[in-house]
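To keep things clear, I will list the structure first and then write my remarks on it.
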Amino acid sequence: MGVRSEIDRTPPAFTAAVEQVGRAVLRPEVVVDTMPAPQRIAPFAHAVSGDVEVGGDEVGTGRFILLHDPAGNDAWGGTFRCVTFTRADVEPEMGADPSLPTVGWSWLTDALDAHGGEYTAPSGSVTVVHTEGFGEMAADGADAQIEVRASWTPTSDVGPHVSAWADLLCAIAGLPPLAPGVIPLQQRRRGAR
């Protein structure tokens, strides 16, 4: 056990939660990197970005932010809040499906349930953007993207919430779920921890 400096006022609960983020089990297609965290939303914050890479191509991207206010936050209903953003291109036909937003939200809640990430106060939106080129851009054809923005208050260890975020990222990128009982071999991280 290390000696904490009197100057270091980082709450032990936040330090432990950040360590759980770093130890979360992720699918091998997800590459994460620590990124600057927002400074004005909560007294303490930690953020990672993630990319889904398949065959050398990036097929999805997102970020996971852990917020902590030791005094609690009435809007959160707790002292921690998980915030996520994920985005990926989808086939134009899929983007035109009116049920896609509902399905996109279920990918998050199903992943949290599958990993045992207990939570309260979920909030978020699913945006589907369909783009069609005209005139000089008609040859570009149609494109579609899905974005899932969400936040929730974790009521369990943070690691399962990060694993669920990584699974959401893979789901919106079109990867099939891992078969039950399959354990990812190893997570990949960029940058120093």
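The values are calculated or read from the model by the stated rules, or taken from the named source; none is laboratory data. Since this is a predicted model, take the numbers as computed values, not measurements. Virtual Cβ from ideal backbone geometry, glycine too; neighbours counted across all protein chains shown. Just so you know, the surface numbers come from the protein's heavy atoms only, side chains and all, with ligands and any DNA or RNA stripped out. Shrake-Rupley method; radii C 1.70, N 1.55, O 1.52, S 1.80 Å.
Computed values, structure above
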{"quantity": "Carbon plus sulfur fraction of accessible area for the chain, probe 1.4 Å, in percent", "calculated": "55"}
{"quantity": "With all protein chains modelled, accessible area of Ser125 [1.4 Å, Å²]", "calculated": "50"}
{"quantity": "Principal-axis tilt of helix 100-115 within the chain, Cα atoms, nearest 10 degrees", "calculated": "40"}
{"quantity": "Candidates Gln39, Gln20, Gln145, ranked by Gaussian network fluctuation over the chain, Cα under 10 Å, top entry", "calculated": "Gln39"}
{"quantity": "Accessible-area order (highest first, 1.4 angstrom probe) of the listed residues Met35, Met137", "calculated": "Met137, Met35"}
{"quantity": "Residue-level accessible surface for Arg149, protein heavy atoms, 1.4 Å, Å²", "calculated": "110"}
{"quantity": "Nearest-20 debye value, segment 1-144 charge dipole, Cβ charges on Lys, Arg, Asp, Glu", "calculated": "960"}
{"quantity": "log10 of Debye I(q)/I(0), alpha-carbon scatterers only, for the chain at 0.10, 0.12, 0.13 Å⁻¹", "calculated": "-0.44, -0.62, -0.71"}
{"quantity": "For the chain, with +1 on Lys and Arg beta carbons and -1 on Asp and Glu, the positive-most of Thr153, Gly78, Pro122 along the dipole", "calculated": "Gly78"}
{"quantity": "Crossing angle, helix 159-172 versus the chain [Cα axis fit, 0-90 degrees, rounded to tens]", "calculated": "10"}
{"quantity": "Nearest 10 degrees, 0 to 90: helix 12-23 Cα axis against the chain principal axis", "calculated": "40"}
{"quantity": "Which of Asp57, Asp69 is most accessible, then next, and so on - probe 1.4 Å", "calculated": "Asp57, Asp69"}
{"quantity": "Exposure ranking of Phe80, Phe134, Phe64 by accessible area [1.4 Å probe, largest first]", "calculated": "Phe134, Phe80, Phe64"}
{"quantity": "HN-Hα J in Hz across segment 134-145 - Karplus 6.51, -1.76, 1.60, θ = phi - 60°, x for Gly and Pro", "calculated": "9, x, 4, 9, 4, 5, 5, x, 9, 10, 8, 9"}
